[in-house]
Amino acid sequence: WFIKERKNTVSIAFVVPRRRTGTARVAGKIDTYTTASNNKFFVMEESTGFNDISFEDGEFDGIEELLNLEDDELGEQNLNYDGQYEIYKNRLLSDDIMLDYEVVLQDELPGIIKEEINHSKSSSKQQKPERESKTKKKNKSSPMTIDDLSSLTTTKSSDISYFYLKNELNLPEEYMWKITNENGSLLGMTAANLRNKVQLLRSLMDLSSEEVRYMVMRMPAVLQYSAKGNVAPTTLFLQRSFDLSRKDLKRLLLDYPSILGYSMQNLKTKFNFYLKLCGFTKEEARKMFLQEPKLLTASVRTGLVPRMHFLVKELEFPLDVFREIVKKNPLILLSSLDMNLRPKLIFYLILNVGLDVTQVQKLLRRFPQFTNNNLDNKILPLQRYFCEEVDFSVSEYGNILLKNPHMITSSLYKIKHVVGYLRYELELDSHQVKRILYQAPQVMNLNTEDTLKNKINYLQS
């Protein structure tokens, strides 16, 4: 936001930052200007009543773009940007935050701002010839002389971002190559800028030097995030919304530093999904995020809501049952609908094995990690063994699976070993083995050499 004296009124020129959508209410006549580089901005001149300005996400460039504009870029609307002042009226404004502001007449301005305007007006005339002379020197094209070379100043390596990353953060050479190729804009930042961001990360999460290095190596773009616009607001929101301690925050962001780059709207949408739509408490949400931090990276509209709708609406899970299953296995909210949940729960358990919806609910409440196991390599080979070699019917196998869903985590080799022990070492016939497996399928979870044999020896003695 910039103020400038124009007769008896104050003009404010501003550019709506990227990544913001909303409405700003201002007082004054509104003119819209477009620069040669298609940067749109507004100028309010005479005080003519309140007006609402609507802006869409990504429509305008950030305020820093306006700072770099040359006068000739403004075309016919050549505004003088001498004397630019940030206004701190109700709340602190930054280049990443759009706040409501009312333009006031010059006579109504606080005294300190009046003084700054008058000072700028007098100093701008003195600065103009100096700027013109600098421009002429800049455009002058001639070979360097010895005097020119002697006038050059040297820069310390610690003031260069490349050497800061390499020597102070101690990033390995291979990661410096990666940053150069994939995140080259980092090297265009000042070392002081990077140093301030690293210091902020350390203070917010009590990060050690090794942890900072790990985070940067995992995702170099974390140093490109705005300290005031991304890092500080995001960490503060996560701590307050989900009651995260600094230790919790560190654990979460070391696993997924990309969370620091999410907008406030993104995080608030996820907050509303978990706490308001699903009904989790803050403590339950905190435990889930620490168990599976990737939950904060999932899209609400295209990921979380469709999976919840499938379980609650299509499979008719009560909301409390849904919460119980998700708390035990948060990965179910990250599983693909078409490649995981529908093939396993509908096509396999309901259509193939013959379980009804209530039995599917019961199975998932006993063992929510069922959906984490591979259908082709784990679940189907186990069913083929029981139905083809042990000679169970599909419905009998469904009952066994319902009683002991954990058995799908055991290897087929181990299950065959248990069946062979019952059949040949204990000399049971096939009907007796089937009866044991059907009535007490938990026996397949036992270790043959230690647990099962010791129990048999004890009973025999």
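List of remarks:
- Calculated diffusion of the range 209-261, Stokes-Einstein form, Kirkwood radius summed over Cα pairs, 37 °C and 0.692 mPa s, µm²/s: 292
- Separation of alpha-carbon centers, the range 310-353 and the range 446-461, rounded to whole Å: 38
- Sum of side-chain charges, L204 neighbourhood, beta-carbon under 11 Å (Lys, Arg +1; Asp, Glu -1): +3
- Extent of the range 351-413 along its three principal axes (Cα atoms, max minus min coordinate, largest first): 29, 21, 18 Å.
- Per-residue HN-Hα couplings for the range 423-439 [Karplus 6.51, -1.76, 1.60; θ = phi - 60°; Hz; x = Gly/Pro]: 6, 10, 7, 8, 6, 8, 7, 5, 5, 5, 4, 4, 5, 4, 5, 6, 7
- In sequence order, calculated HN-Hα J values of the range 203-210 (Karplus, 6.51, -1.76, 1.60; Hz; x Gly/Pro): 5, 6, 10, 6, 7, 7, 4, 5
- Scattering curve values for the range 406-461, log₁₀ I(q)/I(0), Debye with Cα scatterers, q = 0.14 Å⁻¹: -0.35
- Pairs spanning more than 26 Å between alpha-carbon atoms, out of K313/K362; K276/K378; K197/K328: K276/K378; K197/K328.
- For S335, the shell of other residues with beta-carbons less than 12 Å away shows a net charge of +2, using +1 for Lys and Arg and -1 for Asp and Glu.
- In terms of accessible area, using a 1.4 Å probe and ignoring ligands and nucleic acids, T371, T180 rank largest first as T180, T371.
- Violating pairs (Cα-Cα greater than 31 angstrom) within the set K250/K270; K228/K282; K287/K434; K228/K327: K287/K434; K228/K327
- Net charge in the neighbourhood of L412 (other residues with Cβ under 10 Å of its Cβ; Lys, Arg +1, Asp, Glu -1) is +4.
- With θ taken as phi - 60° and the Karplus curve 6.51 cos²θ - 1.76 cosθ + 1.60 applied, the whole-hertz 3J(HN,Hα) list for the range 224-234 is 8, 5, 5, 5, 7, x, 10, 4, 5, x, 5 Hz, x standing for glycine and proline.
- For the Cα trace of the range 242-344, dividing Rg by the Kirkwood Rh returns an Rg/Rh value of 0.96.
- Coordinate range along principal axes, alpha carbons of the range 319-461, Å, largest first: 51, 29, 25
The values are calculated or read from the model by the stated rules, or taken from the named source; none is laboratory data. The model shown is predicted, which means the values in this text are computed figures rather than measured ones. Counting neighbours? That spans all protein chains shown, and the Cβs are built from the backbone with ideal geometry, glycine included. The protein model used for the area step is the full one, side chains on, heavy atoms only, and it has no ligands, DNA or RNA in it. Shrake-Rupley method; radii C 1.70, N 1.55, O 1.52, S 1.80 Å.
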